[in-house]
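The values are calculated or read from the model by the stated rules, or taken from the named source; none is laboratory data. Just so we're clear, the structure is a prediction, and the values are computed from it rather than from any experiment. Ideal geometry is used to build each Cβ from the backbone, glycine not excepted, and the neighbour counts take in all protein chains shown. The protein model used for the area step is the full one, side chains on, heavy atoms only, and it has no ligands, DNA or RNA in it. Shrake-Rupley method; radii C 1.70, N 1.55, O 1.52, S 1.80 Å.
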Amino acid sequence: MSPAPAARAAAGTAGSDAEAESDRLYPDCDPYGIEFGLTEAERAPLRRLRAVLDTEVYPLLAEYWEKGEFPYSIAPSLQALGLMEPKEVADAGAEPSALYHGFRIFELARTDASVATFYTAQAGLFRTACRVGGTADQFAAWDPAITRFEMTGVFCLTEPDHGSDIAGGLATRARRDGDEWILDGAKRWIGGAHSADRLAVFARDEADGQVKGFLVDRRAPGVSLAKIHGKTSLRMMQNADIRLDGVRVPEEWRLGNVQSFRDVAAMLRQMRSDVAWIAAGLQAGAYEAALRYVRGREQFGKPLGGFQLVQEKLARMLDNVTASLAMAAALAGRQQQGIYRDQDSALAKMGNSRRMRETVALAREVAGGNGITLAADVARFHADAEAVYSYEGTHEINALVVGRSLTGLSAFA
Ligand SMILES: Cc1cc2nc3c(=O)[nH]c(=O)nc-3n(C[C@H](O)[C@H](O)[C@H](O)COP(=O)(O)OP(=O)(O)OC[C@H]3O[C@@H](n4cnc5c(N)ncnc54)[C@H](O)[C@@H]3O)c2cc1C
């Protein structure tokens, strides 16, 4: 796979002021310097992350993408970075901001969407399920193990027969039996399930018809997992079909603050904003790869990057990346103030995913035939964008969330 990681990091923006730009994390894809909203203490762990991604992760991507396997050997290095509660931020006496949280996802996705999704399954989906769904005591007890990856988990909402209509359709059943619950049903598409300790499963309580949440031991009797084969997108990420047959869960592992689907929706609000950052990062990675390619490849005796029509495509890609980054950062600002709503994260997930699709198509296009091979480094982003486009609510479903807020009319059913 070309180019080498060092070349990957050193594309640089032509004509920029060298001194002002020397400290930039994203000189090629953040022209308005949104990154400068980060504190220096927040930039330090992102630099540490960049170093691990460049040296340990990037060299494995093409091989594992082609094999359709996840390179689990990278997990210890990523986990050891302590990115959820970075020591530099704690030493500065601060809490990591929503903007830091977003740029952490952006940095991961800029390298690879499967790696970003793998990390976000723990740091985003599972931790959010425990933070929003657990009581304060539960979260306080579990979070140290979650941030150190000593208790890993995944988020199990979607079912074989219920994706977009999961709110009303959720069919997995939960029945109370003394101090335990008994779960029966099936889940589909669950990312990272095979390597997780706990499955955050959402099931409908037979007693009151409401959706409740449970942290199920993956190895409990009655839990069976099957890998979903034949994916053409996010090939490295392992997704599972899960069956739950009479699975017993102690009451203490029930998420105490999940009383109905409304509480699950509060989790989706956070998760959709995370995916807006994945969509921004993924297209940044595709754009930067395209930029390197058109600088290196010559046709008609000069680099592709010197042709007007190619430059127009580069400009459109940068327009998309910048708009996506700005939208995600503005949403992070609202999250930081605790004032974001369902429609805010739905709008960012929808808009960034739509722009992402155009960006990866343009990146693939300027690389010509090589653009469909893993060697030019854009094909992986091009293919992976399709999964990101669909998960955490499809374009249509997020549009309907926004539309409902605009009109006061629900158009779901
Ligand atoms: C790679 C990947 C990873 C995933 N990881 C997880 C995970 O970890 N945990 C988890 O719980 N889920 C996960 N999912 C599931 C994901 O959230 C669902 O795929 C998504 O919600 C869409 O559901 P669906 O695939 O069943 O599509 P469907 O709901 O069957 O939709 C099919 C099409 O119909 C459209 N449609 C549906 N209803 C309407 C309507 N009312 N109006 C207009 N159009 C409509 C949709 O927009 C879509 O285009 C993952 C999915 C993928 C692909």
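One table, with the values for the structure above:
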quantity: Virtual paramagnetic centre 7 Å along Cα→Cβ of Glu85, amide N under 19 Å, in region 37-74; calculated: 41-46
quantity: Pairwise FRET efficiency - Thr55 versus Ala315, Cβ, R0 = 35 Å, nearest 0.05; calculated: 0.65
quantity: Segments 330-336, 127-133 sorted - mean Cβ within 10 Å per residue, highest first; calculated: 127-133, 330-336
quantity: Of Gly191, Gly134, Gly169, the one that fluctuates the most in a GNM where the chain has Cα springs shorter than 10 Å; calculated: Gly169
quantity: Three-way shape label, region 16-121, alpha-carbon gyration tensor, a/c 1.5; calculated: oblate
quantity: Cα gyration tensor shape for region 155-194, rounded if a/c is under 1.5, else prolate or oblate; calculated: oblate
quantity: Length added when fully stretched, Ala145-Glu251, from 0.36 nm per residue minus Cα-Cα; calculated: 36.2 nm
quantity: Computed label-point distance, nm, for sites Ala265 and Ala136 using a 7 Å Cα→Cβ extension; calculated: 2.6
quantity: Angstrom value of the Kirkwood radius, inverse mean 1/r, which spans all Cα pairs in the chain; calculated: 21.9
quantity: Computed over region 262-407, Kirkwood Rh from alpha-carbon pairs, angstrom; calculated: 15.9
quantity: Heavy-atom accessible area ranking, 1.4 Å probe, most first, across Leu234, Leu225; calculated: Leu225, Leu234
quantity: Mean Kyte hydropathy of -1.0 or more with a Cα span along the axis of at least 15 Å, helices from DSSP in the chain; calculated: 40-52, 98-111, 136-147, 261-296, 308-337, 342-366, 379-390, 395-407
